[in-house]
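Asker: Handing you this structure, nothing more for now.
Bear in mind these aren't lab numbers, they're just calculated from the coordinates by the rules spelled out. Since this is a predicted model, take the numbers as computed values, not measurements. Quick reminder, even Gly has a Cβ in these numbers, built from the backbone with ideal geometry, and neighbours come from all protein chains shown.
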Amino acid sequence: MILGLLTPSAGSVKLFGLSPRAKAARAKLGYLPELSHLHPFLTAEETVLYYAGLSGMSRAAARKRTSELLAQVKLSAAAKRPVGGFSKGMARRVAIASALVAEPELLVLDEPTSGLDPIGTREVKELITDLASRGMTVLITSHQLFDMQDLCNRVAILSNGKIVGGGAVKDIVEKSADKRHALEDYFAGVV
Amino acid sequence: MRRFWALARTAAVEVLSEPLTVILFLVATLAVHALPAFHYHQFGEAGRLARECGLSSLLVFGLFFAVPAASRAMGRELESGTAAAALARAVSRPLFFCAKTFGVSLVFVLFAAALVLATETSSYSCVKGAEFGRNAGVVNVWGPAFAAGVGFTAFAFVAAAFANRFRGWRFCLWACLLMALAQVAAAGVSFGLGGCTGAVWEKLPASGIVWSFAVLSVGCLVFVQMAAALATRLKEPGVNGCVALALASSFVWPVRALVPDVNAFWLADALTPAGGGVVSPGMPLLAGACLIVFWTVAGSWLLEGRDVG
């Protein structure tokens with residue numbers, strides 16, 4: 001609904017003060033779907049260029065940004081290979097580069113670490129932390145509570161379409177007896 | 001416009017990357033170029049067999065490849081989530097629909113243009129071959145036209161294979177593009193050798209061929225647009241069923257002034273103004289254009305009201 005892809009059955013969503021269907025609102029948004037939905041016949045470079053094109057970037061700017069992003073996600077060496085032959089971790093990194101191509105103000109990540117190996121998970125978490133430290137707002141939906149405890153400042157627990165709990169992660173950890181699994185314990189307590 | 005081109009280019013590359021596109025391209029162009037060899041089977045008119053083969057190939061490509069490709073391009077994107085990833089950007093749904101169908105249509109037009117050139121070349125060599133025996137001074141271009149048509153097409157195919165092997169270029173895409181260019185070269189060689197002048201050109205059914213291809217192309221593009229529009233809501237078997245029903249119903253449409261004469265035995269006769277039930281040369285094209293606009297609006301509207309994700 002935040003992305004303007006689904007129509008709410010009740011209530012409304014505002015994105016930067018506008019309807020999520022407004023192009024001006026979605027122009028400031030980056031999105032990483034749960035599964036890395038990519039065109040298998042495009043190369044990594046073409047995929048990022050495609051999303052740069054969808055963001056309305058000029059060809060020269062798109063090429064420069066694509067090159068930077070592929071270096072950032074450590075895929076420069078595989079830039080000319082079709083993404084259909086990529087591993088899940090590599091496809092995830094291409095999808096992240098695609099989400100970041102237009103330098104969004106709000107980045108929506110759906111299960112960013114799902115299906116990744118430990119090294120891939122650590123790389124994605126480092127990237128998210130880096131983006132947040134640069135001032136980008138990152139909204140993550142995830143079932144990996146252990147990872148979320150490391151990454152997030154604030155959490156909201158959703159159950160049956162309603163927010164049943166949440167708050168600052170720091171406060172939740174402080175109140176928990178088991179600091180390492182604080183968010184998991186909190187989740188089990190409210191759901 | 002950048003967003004439109006990004007979407008359209010990806011849709012066109014997707015269709016051109018399918019091996020079936022190259023096979024149809026290769027078989028259709030080679031068959032049309034080879035047909036003048038059967039010069040005893042002209043059915044009363046030089047080049048008739050080549051024209052029928054060209055038109056039939058276009059019909060087969062349109063109905064059995066371009067229409068399902070349009071349906072897949074839309075349906076697969078919606079199901080796989082690539083449409084959601086695109087629509088989460090500053091891309092409106094009508095733009096997404098129009099660009100996707102434009103990309104598929106572009107490939108169809110490329111195929112049609114290549115076939116028109118191949119058919120014109122083939123038909124020209126047939127006419128010149130028939131005149132050769134009767135009139136002194138006429139150059140028989142059948143041999144060179146055959147060699148140029150088949151040779152250039154085969155060369156384009158092999159060149160794409162080498163470019164893929166040594167430069168990593170996409171084989172299917174480049175084979176199609178180079179084979180289309182090969183038709184331009186073949187036509188240039190054949191018409192050049194035959195000394196094509198205005199007087200000779202008038203004897204050719206050149207304008208008839210272009211007209212027939214234009215009518216048939218617009219007809220196929222209506223179904224391309226229709227399939228894409230239906231694919232925004234229906235699964236692939238449903239879309240194919242609806243297209244088949246629409247095709248079947250076109251035989252009983254009581255608008256003979258607008259649609260080609262489907263009872264004509266020869267496809268070229270059914271499509272040319274003088275051949276069938278067409279009363280005005282522009283009417284089938286106008287009717288087709290209106291239907292394309294209708295299905296574009298309908299498709300955009302259907303996608304606008306659909307939840308994607």
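Asker: Cut-off is 10 Å between beta-carbons; in what order do A:LEU151, A:LEU106, B:LEU35 appear when sorted fewest neighbours first?
Answerer: On the way: A:LEU151 21, A:LEU106 17, B:LEU35 26.
Listing A:LEU151, A:LEU106, B:LEU35 from fewest to most nearby Cβ atoms yields A:LEU106, A:LEU151, B:LEU35.
Asker: What distance in nm separates the simple spin-label points at A:LEU139 and A:ASN153, each placed 7 Å from Cα in the Cβ direction?
Answerer: Once both label points are built, they end up 1.6 nm from each other.
Asker: Additional query: What list do you get for B:TRP295, B:TRP211, B:TRP5 if you sort them by fewest beta carbons within 10 Å? Walk me through the numbers on the way to the answer.
Answerer: Values: B:TRP295 23, B:TRP211 20, B:TRP5 14.
The fewest-first ordering by Cβ neighbours comes to B:TRP5, B:TRP211, B:TRP295.
Asker: So, one more: Using a 10 Å cut-off on Cβ to Cβ distances, tally the other chain neighbours for every residue of B:300-309 and report the average as a whole number. Please list the in-between numbers first.
Answerer: Values: counts 0, 0, 0, 0, 1, 1, 3, 4, 4, 7.
If you average over the peptide's residues, the count of other-chain Cβ atoms is 2.
Asker: Peptide B:71-81: average number of partner chain Cβ atoms within 10 Å per residue?
Answerer: Numbers: counts 0, 0, 0, 0, 0, 1, 2, 0, 0, 5, 7.
Neighbouring Cβ atoms belonging to other protein chains average 1 per residue here.
Asker: Of A:ALA102, B:VAL215, B:LEU26, which is farthest along the charge dipole of the protein assembly as shown in the positive direction, counting Lys and Arg as +1 and Asp and Glu as -1 at C-beta?
Answerer: Positive-most Cα among the choices belongs to A:ALA102.
Asker: Here is a follow-up. Taking the Cα of A:GLU34, stepping 7 Å toward and past its beta carbon, and measuring to each backbone N in the stretch A:115-155: which are under 15 Å?
Answerer: A:115-116, A:140-145
Asker: Then there's this: Karplus couplings for the stretch B:20-34 from phi (6.51 cos²θ - 1.76 cosθ + 1.60, θ = phi - 60°), rounded to Hz, Gly and Pro as x?
Answerer: Karplus values, whole Hz, x for Gly and Pro: 4, 4, 5, 4, 5, 4, 5, 5, 5, 5, 5, 4, 5, 5, 7.
Asker: Still on this structure, please answer the following. Using the structure shown, list the pairs from A:LYS64/A:LYS125; A:LYS23/A:LYS179; A:LYS28/B:LYS235; A:LYS162/B:LYS100; A:LYS74/A:LYS162; A:LYS162/B:LYS235 with a Cα-Cα distance above 31 Å, or answer none. Walk me through the numbers on the way to the answer.
Answerer: Numbers: A:LYS64/A:LYS125 25 Å; A:LYS23/A:LYS179 43 Å; A:LYS28/B:LYS235 33 Å; A:LYS162/B:LYS100 37 Å; A:LYS74/A:LYS162 39 Å; A:LYS162/B:LYS235 33 Å.
Cα-Cα > 31 Å for A:LYS23/A:LYS179; A:LYS28/B:LYS235; A:LYS162/B:LYS100; A:LYS74/A:LYS162; A:LYS162/B:LYS235; rest within.
Asker: Continuing with the same structure: Straight distance only, please: which lysines reach the Cα of B:LYS128 with their own Cα at less than 26 Å, same-chain residues fewer than 8 apart left out?
Answerer: B:LYS203
Asker: For the stretch B:1-132, what's the relative contact order in percent, using C-alpha pairs closer than 8 Å and at least 6 residues apart? Don't jump to the answer; show the numbers that get you there.
Answerer: Working: 111 pairs, mean separation 61.5, N = 132.
Computed over the stretch B:1-132, the figure is 47 percent.
Asker: Compute the distance in nm between two label points, each set 7 Å from the Cα along the Cα-to-Cβ direction, one at B:ALA244 and one at B:ARG306.
Answerer: In this crude label model, B:ALA244 to B:ARG306 measures out at 2.1 nm.
Asker: If you don't mind, another one. Can you compute the modelled spin-label distance between A:GLU184 and B:PHE155, with each label point 7 Å from Cα toward Cβ, in nm?
Answerer: Between A:GLU184 and B:PHE155, the simple spin-label model gives 6.9 nm.
Asker: Another one. Got the relative contact order for chain A handy, in percent, Cα pairs under 8 Å and 6 or more residues apart? Let's see the in-between values first.
Answerer: Values: 248 pairs, mean separation 33.8, N = 191.
Relative CO of chain A lands at 18 percent.
Asker: Once amide H atoms are built 1.01 Å from N in the peptide plane, which residues 5 or more positions from A:ILE157, or in another chain, come under 5 Å H to H?
Answerer: The answer is A:VAL164, A:GLY165, A:GLY166.
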